[in-house]
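Chemist: Quick one: the structure is below, and I'll ask about it shortly.
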Amino acid sequence: MREKIKLPDSIFFGDIKRQFKTWLDQQAYSSYFMLVDSSSSVYCLPEIRHVHPKIKWNIIEIPMGEQYKTITTCSLIWEELLKNGADRHSLLVNLGGGVVGDMGGFAAGTYMRGIDFVQIPTTLLAMVDASVGGKVAVDFRLAKNIIGLFKNPVANFIDSRWLATLSDTNKRSGWGEMIKHTIIADEEAFREIQQITSPFDINWDKWIQHSISIKYNIVQIDPTEKGLRKGLNFGHTVGHAVETFFLELGQPKSHGECVAIGMICAAFISNKVAGLPPAQLKDIVAVIMKWFDKTTIPENQLDKILSFMMRDKKNYSGLPNFTLIPQIGSYIYDQNPDWALIRESILFYNQQ
């Protein structure tokens, strides 16, 4: 495993009550708002609502789920901010998973041309992906994260103890992104993952910090995704299309589940056009299939899935835009495999 780089002082690890109170002691916002969903309001809000005795929180609650990550829900957030007197000196704290963090960051970044916000991710996926990197967005007309901006939180509090509230399915969703980070940037860590035999017999603090280090190192070089940051899209071109397909079908799959499918597809394409050795393709498939249950993709619906891919925000002049790997631990971006090969990659996944 590569040595971790120094992370910014705005990212805090450990005891949420102590760290958050200490940080709040140093702030002087005009008013304080906290965004939760119907899950984090039950399992997380009671833990920190009274962490600072002098602060009165205005709580904004939204429904839970990707299907609510929309402009319509954002309007409800803006309405609550406006109704309760939020001004440019107010703070919005996003307490929840990736949907809360993405949408809360977008709402804060656009309200009065931008107010400060804090991320307190409570799912593994949000800790290692959504809360780091400054991407905030909502979905629009079945296109994922198509309306958004780049805006960093003023602070990010990551406490692995929240994971005790999560199901194994939810943990797998985050673990999929963590596997992705090793595939594109750290072969040694990927080989460590190969040796883990018991599901979730994992030192979460070690792996979370490692994963965040990989993402932060890439993001600080290329914050607005002009080049190197595109590597983080490995598995996402197919993954987002599959995620959208099952969401519309009324059988939603987790983001990490769909990215896992996308990574197998991208690895297959990498073997065909980028020189990924067959043995490494086999290793990637084996690791992913060890952690994720098989989801059969209806072959008579491939045209529909490909049509969702055509709306992907990463596309250029109508061409699908992929990140591929010549070998584990490295990547190339702005790759445009043809539609026939993409279709073949999904059929390859179905054969596993």
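Chemist: Which trypsin sites (Lys or Arg not before Pro) from the stretch 193-297 combine a DSSP loop assignment with at most 15 other Cβ atoms within 10 Å?
Modeler: Filter output for the stretch 193-297: Lys226, Lys294.
Chemist: Another question, if that's okay. Relative contact order for the chain using alpha-carbon pairs under 8 Å, separation at least 6, rounded to a whole percent?
Modeler: 15
Chemist: Sticking with this one: Ranking Asp116, Asp87 by Cβ neighbours within 10 Å, fewest first, what do you get?
Modeler: So the ranking, lowest neighbour count to highest, is Asp87, Asp116.
Chemist: Residues with amide H under 5 Å of Asn145's amide H, sequence separation 5 or more or different chain, H placed in the peptide plane at 1.01 Å from N; which?
Modeler: Long-range HN contacts for Asn145: Asp139, Phe140.
Chemist: Roughly what % of DSSP beta bridges within the chain run antiparallel, to the nearest 5?
Modeler: About 30 percent, rounded to the nearest 5.
Chemist: So for the pair Met310, Val51, with labels modelled 7 Å out along Cα→Cβ, what separation do we get in nm?
Modeler: Distance between the two pseudo-spin positions: 4.7 nm.
Chemist: Given the C-alpha centroids of the stretch 224-260 and the stretch 25-43, what is the distance between them in whole angstrom?
Modeler: 29
Chemist: Can you list the lysines whose alpha carbon is less than 17 Å from that of Lys21, not counting same-chain residues fewer than 8 positions off?
Modeler: Candidates past the 8-residue exclusion: Lys54, Lys56.
Chemist: Rounded if a/c is under 1.5, else prolate if a/b beats b/c, else oblate: with a ≥ b ≥ c from the C-alpha gyration tensor eigenvalues square-rooted, which is the stretch 196-344?
Modeler: Rounded shape, in that the Cα axes give a/c under 1.5.
Chemist: Which of the lysines could a cross-linker span from Lys290 if the Cα-Cα distance has to be under 25 Å and same-chain partners fewer than 8 positions apart are dropped?
Modeler: Filter leaves Lys171, Lys180, Lys206, Lys215, Lys253, Lys272, Lys282.
Chemist: Still on this structure, please answer the following. Find how much the distance from Ala286 to Val42 grows on full extension, using 0.36 nm per residue of separation minus their present alpha carbon separation; answer in nm with one decimal.
Modeler: 84.1 nm
Chemist: Tell me, Tyr29, Tyr333 in order of fewest to most beta-carbon neighbours within 10 Å?
Modeler: Exposure proxy ranking, most exposed first: Tyr29, Tyr333.
Chemist: With r as the distance between the Cβ atoms of Arg343 and Ser10 and R0 = 56 Å, compute the FRET efficiency 1/(1 + (r/R0)^6) and round to 0.05.
Modeler: Plugging the Cβ-Cβ distance into 1/(1 + (r/R0)^6) gives 0.80.
Chemist: Another question about this same structure. Using 0.36 nm per residue, how much length does the chain from Leu76 to Ile221 gain when fully extended, once their Cα-Cα distance is taken away?
Modeler: 48.7 nm
Chemist: If you take the square roots of the eigenvalues of the alpha-carbon gyration tensor of the stretch 3-159 and sort them as a ≥ b ≥ c, do you get rounded (a/c under 1.5), prolate (a/b over b/c) or oblate?
Modeler: Verdict is rounded for the stretch 3-159.
Chemist: A follow-up question, please. Quick check: from the Cα gyration tensor, does the stretch 273-328 come out rounded (a/c under 1.5), prolate or oblate?
Modeler: oblate
Chemist: Based on the Cβ-Cβ distance from Gln301 to Ile146, what FRET efficiency comes out when R0 is 25 Å, to the nearest 0.05?
Modeler: On the way: r = 22 Å, r/R0 = 0.86.
In this case the efficiency is close to 0.70.
Chemist: Oh, and also: By how many degrees, between 0 and 90 and to the nearest 10, does the Cα long axis of helix 236-248 differ from the longest principal axis of the chain?
Modeler: 70
Chemist: Let me ask you something else. Given a Förster distance of 35 angstrom, what is the FRET efficiency for Ala28 paired with Asp201, based on the Cβ-Cβ distance and rounded to 0.05?
Modeler: Working from the Cβ atoms, E equals 0.20.
Chemist: In addition: Which of the chymotrypsin sites (Phe, Trp or Tyr not before Pro) across the stretch 134-234 are loop residues per DSSP, with 15 or fewer other Cβ within 10 Å?
Modeler: Phe200
Chemist: Roughly how far apart, in whole Å, are the Cα centres of the stretch 307-344 and the stretch 152-174?
Modeler: Answer, in whole Å: 29.
Chemist: Against the longest principal axis of the chain, how steep is helix 255-273, in degrees 0 to 90 to the nearest 10, with axes from Cα atoms?
Modeler: Approximately 30 degrees, to the nearest ten.
Chemist: Against the longest alpha carbon principal axis of the chain, how many degrees, from 0 to 90 and to the nearest 10, is the axis of helix 98-110 turned?
Modeler: The two axes meet at around 60 degrees.
Quick note: the coordinates plus some simple rules give every number you see, no bench work behind them. Remember, predicted model here, so these are calculated numbers, not experimental data. Reconstructed Cβ throughout: ideal geometry from the backbone, glycine too, with neighbour counts over all protein chains shown.
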